[in-house]
Amino acid sequence: MSALSRRHLVTMAAGIAAAAAVPRAVFAQAPAAAPAAAPAAAGPFVLPPLTYPTNALEPHIDAKTMEIHHGKHHAAYVANLNNVAKTNPQLTDSAILNVLGNLNALNDDIKFAVRNNLGGHANHTMFWEIMAPNGGKPEGEVLAAIDKDLGGMEKFQNDFNAAGGRQFGSGWVFVTVAKDGKLAIETRPNQDNPMMDGKRALMGNDVWEHAYYLNYQNRRADYLKAWWNTVNWAKIAERYAAAKAGTLGA
Ligand SMILES: [Fe+2]
């Protein structure tokens, strides 16, 4: 388990168990061997460094796309969050899971910004985590759940790609995981996250054009198909176990 996961899961567990005001260096992570350049932190929300080089997922995802996606797009969500937090320090008083799960509790003047930027921060942090070069294959409980709930790997991949292709405009295609381990394919628009309606994402793919346009242009279907070569199944197995233990945060 990565430092990101350990810290994040601990944070999430604390937030769930105590619903306490736990100060967080959000998604802080130990430096990677070859991380992408990240801007200096300017607030409580932190861009997690990649745990692999930006060219590690080539040819499926090119280095330039990774640099811009992580270092510009995700960094912008973090910067926006830190701007909101300057005048709304209560944003960091509870875990991301609790904030996203209770967006209606926020004042109207920040609700939209938090939904988009904290959702984007959570989505992208998950996204970097569940990818890796040479990510292996699904096995054990995850594979059994894919077989049981999603009709096996071939049907799962076809259905996931089809759902990602149908998502109009920008958004995400997720596999959600219930506390009992049951899986489902679901999409969300923009930077919405299943945590916003009490669910958890086991994994997901970003179908915003910024995720693929440099290399694939309008060929989203080709990106969706190639993306499977980047999936980190060991990390997904960790997330599956965490979901069943009730400790999966983002
Ligand atoms: Fe993205």
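The values are calculated or read from the model by the stated rules, or taken from the named source; none is laboratory data. Computed from a prediction, not measured in an experiment: that's the story for all the values here. Neighbour counts run over all protein chains shown; Cβ positions are idealised from the backbone, glycine included.
In region 68-127, what residues are of a type in the set (S, T, N, Q), over 19 Å from M203 (Cβ atoms) and either within 15 Å of the ligand (Cβ to nearest atom) or under 20 Å from the mean Cα position of the chain (by Cα) (or both)? Talk me through it step by step, then tell me what you get.
Pass one, region 68-127, residues of a type in the set (S, T, N, Q): 80, 82-83, 87-88, 90, 92, 94, 98, 102, 104, 107, 116-117, 123, 125.
From what is left, the residues that are over 19 Å from M203 (Cβ atoms) are 80, 82-83, 87-88, 90, 92, 94, 98, 102, 104, 107, 116-117.
Selection gives N80, N82, T92, S94, N98, N102, N116, N117.
When region 198-235 is examined, which residues are found to be within 30 Å of N104 (Cβ to Cβ) and more than 15 Å from the ligand (Cβ to nearest atom)?
If the condition is that a residue be within 30 Å of N104 (Cβ to Cβ) and more than 15 Å from the ligand (Cβ to nearest atom), then G198, K199, R200, L202 are the ones that fit.
Here are some residues: Y52, Y77. Which one is in contact with a Gly (Cβ under 6 Å, 6 or more places away or on another chain) and either of a type in the set (D, E) or surrounded by 15 or more Cβ atoms within 10 Å (Cβ to Cβ) (or both)?
Y77
Cβ-Cβ distance below 9 Å, separation of 6 or more or different chains: which pairs start in region 118-133 with a residue that is in a helix (DSSP H, G or I) and modelled with pLDDT of 95 or more and end on one that is within 11 Å of the ligand (Cβ to nearest atom) and among the acidic types (D, E)?
Filtered contacts from region 118-133: N123/D206; H124/D206; F127/D206.
Is there a residue in region 157-165 that is touching a helix residue (DSSP H, G or I) at 6+ places or on another chain (Cβ under 9 Å) and within 16 Å of the ligand (Cβ to nearest atom)?
The answer is yes, given that some residue of region 157-165 is touching a helix residue (DSSP H, G or I) at 6+ places or on another chain (Cβ under 9 Å) and within 16 Å of the ligand (Cβ to nearest atom).
Which ranges mark the strands (runs of 3 or more DSSP E) fully within region 144-250 that have 1 or more residues being within 13 Å of the chain's Cα centre (by Cα), charged (D, E, K, R) and at pLDDT 95 or above? Explain how you work it out, then say what you get.
Working: elements: 171-177, 183-189, 201-206.
Answer list for region 144-250: 183-189, 201-206.
Determine whether region 52-67 contains at least one residue that is away from the ligand (no atom under 14 Å from the Cβ), under 15 Å from T125 (Cβ atoms) and not charged (D, E, K, R).
yes
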